1. Name every residue in the range 100-116 that is without any contact (Cβ under 8 Å) to a residue 12 or more places away in the chain and not charged (D, E, K, R), in order of residue number.
2. Can you pull out the residues in the range 203-218 that are modelled with pLDDT of 80 or more and either part of a loop (DSSP other than H, G, I, E, B) or of a type in the set (Ser, Thr, Tyr) (or both)?
3. Please state which one of 49, 44, 88 is modelled with pLDDT under 80 and surrounded by 10 or more Cβ atoms within 10 Å (Cβ to Cβ).
4. Mind counting the residues in the range 91-123 that are modelled with pLDDT of 95 or more and either closer than 14 Å to residue 153 by Cα or not assigned by TED's automatic domain parsing to the domain that holds residue 172 (or both)?
5. Can you confirm whether residue 81 is closer than 16 Å to residue 217 by Cβ, at pLDDT below 95 and crowded, with 20+ Cβ neighbours inside 10 Å?
6. Take the range 65-104 and flag every residue that is small (Gly, Ala, Ser) and either touching a strand residue (DSSP E or B) at 6+ places or on another chain (Cβ under 8 Å) or part of a loop (DSSP other than H, G, I, E, B) (or both).
7. Across the range 105-143, what is the number of residues that are part of a helix (DSSP H, G or I) and either among the charged types (D, E, K, R) or out of contact with any helix residue (DSSP H, G or I) (no Cβ under 8 Å at 6 or more places or on another chain) (or both)?
8. Would you check if residue 113 is of a type in the set (D, E, K, R) and exposed (fewer than 14 other Cβ atoms within 10 Å of the Cβ)?
Amino acid sequence: MDWWLIALLAGCGLLTVLGGFLWIRRATRGVRERIGYIKNALDDAIAADKEPEKPRSLSSLESVVLPKILKDFPDFNPRVFAERVRRDARLYYESGVQGKQLYTDDATETFREDFEDRLPDDVAGGIEIHRVTIAAYDNATRKKLLTCQAAVGFTDKTDTPRERRLILVYVAGYADDPESPVMGFNCPNCGAPLPAVGAHVCAYCGTAFSAPVSLGWLLMDAREG
């Protein structure tokens, strides 16, 4: 066989193989692109899972509600109360670490009993309170409710950093009797309702008393949200 014929056949074979390769490449381009998209999505998901969570955002209405609180409680100190909220938020998660509720008589008995049955069970330690704020104040009735929020970070039992938003609700009550069933503003002598939150003298029996401010806020609920 002449050499030119052999070269021609070899060239045709090479072109056939090359054409087949190019055809297969074009035919599988969509499949390869989809596989690439899936791989990138999986990589992003793995990276997002490894990336530490950011502190939770809080709903702050302090500038709006603080004047209302100060009108009802002139001695209210927002900085001091913020430390109270920080302490209560830490106790919430520390209770989960120790396996028992740690609140004392600055929380209502109902809350303490309820919380004993629903301690956070995924906290290992590393509790950090990033920020606290006042979120709402309800003084529409004689029962005054103050709602606060705390952005909390901790390490769970898989050694993974977690971030949570804790909502804490406080009710105003008498400092000298935190377990009193009367939560509100009544005369400590005769029990008559006071005409104003800041009153120091009962209009019915004339008894003088100190305004229930300094220790009068009892934690009545705390939940993640």
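The values are calculated or read from the model by the stated rules, or taken from the named source; none is laboratory data. It should be emphasised that the depicted structure is a prediction, and the values quoted were computed from it without experimental measurement. In this analysis, Cβ positions are derived from the backbone assuming ideal geometry, glycine residues included, and neighbour counts consider all displayed protein chains.
1. So the first thing to find is which residues in the range 100-116 are without any contact (Cβ under 8 Å) to a residue 12 or more places away in the chain, and the list is 102, 104, 112-114.
Within the range 100-116, 102, 104 meet the criteria.
2. Going residue by residue through the range 203-218, those that are modelled with pLDDT of 80 or more are 204-207, 217-218.
Within the range 203-218, 204, 205, 206, 207 meet the criteria.
3. The unique qualifying residue is 44.
4. Qualifying residue count for the region: 8.
5. no
6. 82, 89, 96, 99
7. Count: 7.
8. So residue 113 passes the test.
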